[in-house]
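Read through the structure below, which is laid out as structure tokens, and then see the notes.
Where a number appears in this text, it was derived from the coordinates with a stated rule and is not lab data. None of these values were measured; they are calculated from a predicted model. Virtual Cβ from ideal backbone geometry, glycine too; neighbours counted across all protein chains shown.
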2 protein chains.
Amino acid sequence: MNNTISFNRPYMTGRETHYLYQALEIGKLSGNGEFTKRCQEYFEKRYGFGKCLLTSSCTDALEMSALLCDIQPGDEVIMPSYTFVSTANAFILRGAKIVFADSRADQPNIDEDKIEALITERTKAIVPVHYAGVACNMDKIMALAERYGLFVIEDAAQAIDSYYTGQDGVKRALGSIGHFATFSFHETKNIISGEGGMLVINDDRFRHRAEVIWEKGTNRSAFFRGEVDKYGWIDVGSSFLPSEIVAAFLWAQLESLDDIQERRRAHWRKYYHRLSAWAGQHGIGMPHLPEYATNNAHIFYLICESGQQRDELIGLLRERGVQAVFHYLSLHRSPYYRDKHSGGELPNTDRYSEALLRLPLYYELEGIDTIITELKTYKRYEKVAV
Amino acid sequence: MNNTISFNRPYMTGRETHYLYQALEIGKLSGNGEFTKRCQEYFEKRYGFGKCLLTSSCTDALEMSALLCDIQPGDEVIMPSYTFVSTANAFILRGAKIVFADSRADQPNIDEDKIEALITERTKAIVPVHYAGVACNMDKIMALAERYGLFVIEDAAQAIDSYYTGQDGVKRALGSIGHFATFSFHETKNIISGEGGMLVINDDRFRHRAEVIWEKGTNRSAFFRGEVDKYGWIDVGSSFLPSEIVAAFLWAQLESLDDIQERRRAHWRKYYHRLSAWAGQHGIGMPHLPEYATNNAHIFYLICESGQQRDELIGLLRERGVQAVFHYLSLHRSPYYRDKHSGGELPNTDRYSEALLRLPLYYELEGIDTIITELKTYKRYEKVAV
């Protein structure tokens with residue numbers, strides 16, 4: 001199957017191993033070395049983020065945010081059901097009850113108007129997930145957080161290099177708005193390090209503790225800055241920091257961020273312009289971008305009119321050697337959480353779970369014309385009409 | 001300071017980047033790919049370990065073991081105080097109370113005869129740490145665990161390629177004896193991947209759940225083996241698995257394991273034979289190997305007769321361009337745990353904390369003759385006699 005167009009293909013710029021050998025020359029391959037610092041500073045400067053800390057995964061960054069919010073057993077955390085399991089697990093590990101909100105009708109992000117009704121005295125945090133790198137309505141969410149004294153953790157796993165323009169007219173990078181934000185550099189993301197992630201601490205009250213928790217509960221970072229004369233165990237923590245091997249790899253990717261983004265956006269636009277009319281004829285929804293959001297070309301998705309149609313399209317593309325895939329299963333219906341879910345029906349979530357289809361999208365994607373051509377051979381009702 | 005002999009220097013065999021590009025060709029840089037499986041099988045076959053799962057760190061492996069033991073708030077876990085913070089933090093994150101036992105008088109491992117008195121109705125697990133890769137008395141510890149129905153998690157962070165010969169005369173690899181065992185591939189270890197670790201599941205009852213927790217609480221692994229027809233969220237979990245970038249790196253190291261071990265053991269023996277007489281003259285203790293234990297040459301340490309003597313030796317070596325360092329601070333005296341510690345005085349722990357000195361030991365170490373020569377210029381009481 002040499003002609004198969006895979007759904008994803010990780011891209012290396014070629015300089016990753018060069019920087020790995022640089023790290024070796026510096027004499028440090030464990031975490032928090034030169035390349036870790038370089039990456040963190042890059043993000044802080046380019047996107048106006050607060051303190052950045054690289055982590056082994058976005059999951060780890062979410063777990064750090066749960067520790068920093070001091071989530072206690074019984075505390076409630078509101079998030080969309082249409083998300084990756086880690087968004088929920090990170091808080092469940094601290095004993096939280098997850099309260100799932102429905103997605104918007106026009107796109108998979110949390111419906112900002114469905115949140116307030118879910119807030120109780122036990123609510124401690126809201127976790128908006130910027131699905132496909134498209135901004136949630138952060139003005140409404142931050143206003144709710146302020147009114148009720150809640151933390152906001154932006155799950156920006158997919159949202160690198162994407163922006164939100166607020167009611168004040170200011171354009172802010174996703175990840176710079178909530179008290180915390182978490183990013184992923186998993187191989188499926190725009191910028192990668194195989195597995196990898198980052199925590200952004202925008203609320204300065206938590207900078208110090210974040211660093212301690214990151215360094216296994218020790219004040220090692222303060223020690224190396226000369227702020228304390230010895231370091232020791234002062235808090236809980238874990239080994240959240242990735243090695244310099246991972247950070248050196250990531251640094252090479254960051255050097256090519258603009259190139260990578262330009263190419264991905266070109267692919268995305270090609271899909272969008274060449275599929276719009278066809279989609280309309282077949283009852284298929286196209287990606288919707290609210291006016292406050294930018295597009296970072298992380299995912300190109302279609303919203304089929306039914307699960308059956310999606311399966312037909314996946315099957316048709318598979319026959320022609322193209323891997324197209326669905327995405328999240330509704331977390332509130334999962335074997336693990338369906339008995340714990342108390343939030344009623346979430347029809348939009350279920351619809352995306354059943355009918356959202358993702359097309360291949362990556363830097364080195366070459367078969368995009370083929371994919372579009374093959375898709376257009378699809379005839380609505382061709383199978384049900386038999 | 002070009003002539004400085006550093007305490008540690010990470011070693012690359014040269015094939016790490018070759019395997020990284022192989023992983024890229026295979027098309028997968030995220031976790032649980034070819035190189036992850038290859039490393040895991042290597043360990044299972046070579047050392048007779050149960051199921052092996054690579055993790056992002058030994059800390060992560062310890063956290064997995066705490067989840068698998070189902071540690072609940074108030075449960076007690078017995079471990080040495082002379083260990084790294086992660087040994088304790090992993091269980092504290094699940095709500096455990098840590099009960100610290102003293103070290104042996106002749107070496108830093110947990111004193112197997114001090115454990116039983118610490119067992120209560122809330123005790124759930126014992127965590128022996130094989131300090132410097134030297135085996136704890138596993139017969140006694142496993143017998144206690146059986147009598148009281150406890151889990152044993154071997155903290156084998158430093159113990160790769162080291163063995164224990166039981167009362168039955170059978171020689172077993174460290175990490176193959178407890179219900180679980182955890183390893184580290186941090187850059188300071190014999191075999192490295194910058195940061196990195198592994199969980200060994202010797203108790204087969206936990207194989208399935210371990211895999212689920214490792215894969216973020218999903219049954220993804222069973223799905224890819226064709227055991228279930230779709231995968232979803234079935235349990236808590238985290239992103240414990242490292243990327244193929246890390247696993248490819250580790251694989252190159254494993255190919256050179258025998259070479260690395262031979263070289264490290266030669267360094268260790270040179271220190272031992274050439275320093276023994278001198279140490280005896282200065283009241284300095286040499287590493288002690290119980291008859292049931294082998295030596296994996298992870299650490300070469302000296303036990304000075306006092307903290308003052310250790311500081312003098314560190315100072316003398318630093319003047320001559322050699323980095324020698326102390327090791328753990330007693331966890332029961334840490335700012336974080338001293339108020340929670342209820343186990344009384346731990347004099348041996350305190351002695352190692354105060355007087356143990358580690359000398360440089362790594363594959364590419366070249367200045368070992370210099371280090372020995374410089375050490376021997378030390379005159380006992382030279383400073384106190386003034």
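Relative to the longest principal axis of the Cα atoms of chain B, the long axis of helix B:58-68 lies at roughly 50 degrees.
As a size descriptor, the averaged projected area of the C-alpha convex hull of the protein assembly as shown was calculated at 34.3 nm². Give the calculated FRET efficiency between B:THR373 and B:ARG318 to the nearest 0.05, with a Förster radius of 22 Å applied to their Cβ-Cβ distance. For B:THR373 and B:ARG318, the calculated efficiency is 0.90.
In segment B:257-375, the C-alpha radius of gyration followed by the widest Cα-Cα span (Dmax) gives 15.8, 46 angstrom.
Between helix A:16-26 and chain A there is an angle of about 10 degrees, using the helix long axis and the longest principal axis of the Cα atoms. For the protein assembly as shown, a crude dipole built from +1 on the beta carbon of Lys and Arg and -1 on the beta carbon of Asp and Glu, taken about the Cα centre, is about 560 debye to the nearest 20.
For A:ARG172, the residues whose amide H sits under 5 Å from its own are A:TYR164, A:THR165, A:GLY166, ignoring neighbours fewer than 5 places away on the same chain, with H placed 1.01 Å from N.
Considering only alpha-carbon pairs that sit under 8 angstrom and 6 or more positions apart, the relative contact order computed for segment A:257-375 is 34 percent.
Inter-copy label distances at A:GLU34, shortest first and taken from points set 7 Å along Cα to Cβ: 3.2 nm.
The helix-based estimate of mean residue ellipticity at 222 nm for chain A, built from -39,500 (n - 2.57) per DSSP H run of four or more residues and divided by its residue count, is -10500 deg cm²/dmol to the nearest 500. Mean sequence separation of contacting Cα pairs (under 8 Å, at least six apart), scaled by the length of chain A, corresponds to a relative contact order of 22 percent. Annotation note: trypsin sites (Lys or Arg not before Pro) in segment B:224-321 located in DSSP loop regions with a Cβ neighbour count of at most 15 within 10 Å are B:ARG225, B:LYS230.
Dividing the mean sequence gap of close Cα pairs (under 8 Å, 6+ apart) by how many residues segment A:290-353 holds gives a relative contact order of 27 percent.
When the charge dipole of chain A is built from unit charges on Cβ atoms (+1 for Lys and Arg, -1 for Asp and Glu) and taken about the Cα centre, the candidate among A:THR182, A:GLY283, A:ILE115 whose Cα reaches farthest toward its positive end is A:GLY283. Here the simple spin-label model places points 7 Å from the Cα toward Cβ, and for A:ARG147 and A:GLU116 these points are separated by 0.3 nm.
Length, then width, then depth: along the principal axes, the Cα atoms of segment B:310-356 run 43, 19, 11 Å. Taking 15 Å as the straight-line reach from the Cα of A:LYS37, the aspartates and glutamates in range (excluding those fewer than 8 positions away in the same chain) are A:GLU211, A:GLU215, A:GLU244, A:GLU255. Placing +1 on the Cβ of every Lys and Arg and -1 on the Cβ of every Asp and Glu, with nothing else charged, gives segment B:16-255 a dipole about its Cα centre of roughly 360 debye. In this assembly of identical copies, the label point of A:GLU345 (Cα plus 7 Å along Cα-to-Cβ) is separated from its counterparts by 7.2 nm, sorted shortest first. Shown for B:GLU227: label points 7 Å from Cα along the beta-carbon vector, and their distances to the equivalent points in the other copies, 4.6 nm in ascending order.
What the phi angles of segment B:35-41 give under the Karplus curve with 6.51, -1.76 and 1.60, with θ = phi - 60°, is a coupling list of 6, 4, 5, 4, 4, 4, 5 Hz, glycine and proline written as x. Amide H to amide H, with H built 1.01 Å from N, A:GLY194 comes under 5 Å of A:GLU187, counting only residues 5 or more places away or on other chains. Note that segment B:196-203 has calculated 3J(HN,Hα) couplings of x, x, 7, 9, 10, 10, 8, 8 Hz, one per residue in order, obtained from phi through the Karplus relation 6.51 cos²θ - 1.76 cosθ + 1.60 (θ = phi - 60°); glycine and proline are x. If R0 is taken as 35 Å, the Cβ-Cβ distance between A:GLU366 and A:PHE223 corresponds to a FRET efficiency of 0.10. Against chain A, whose longest principal axis is taken from its Cα atoms, helix A:257-281 shows a tilt of about 30°. Here the Karplus curve 6.51 cos²θ - 1.76 cosθ + 1.60, taken at θ = phi - 60°, turns the phi angles of segment B:142-156 into couplings of 5, 5, 4, 4, 5, 4, 9, x, 10, 7, 10, 10, 6, 7, 9 Hz, with x standing for Gly and Pro. The Cα atoms of segment B:110-216 give a gyration tensor whose axes a ≥ b ≥ c have a/c of 1.5 or more with a/b no greater than b/c, which makes the shape oblate.
Listed by chain and number, the lysines placed with their C-alpha closer than 21 angstrom to that of B:LYS97 are A:LYS216, B:LYS114, B:LYS124, B:LYS340; residues fewer than eight positions away on the same chain are left out. Where does the charge balance sit around A:LYS124 when Lys and Arg score +1, Asp and Glu -1, over other residues with C-beta under 9 Å from its C-beta? Its environment carries a net charge of -2. Its Cα gyration tensor gives segment A:16-255 an equivalent ellipsoid; the semi-axes, largest first and in whole Å, are 30, 21, 15. Distance between Cα centroids, segment A:158-187 to segment B:1-28: provide it in whole Å. When both Cα centres are located, 34 Å separates them.
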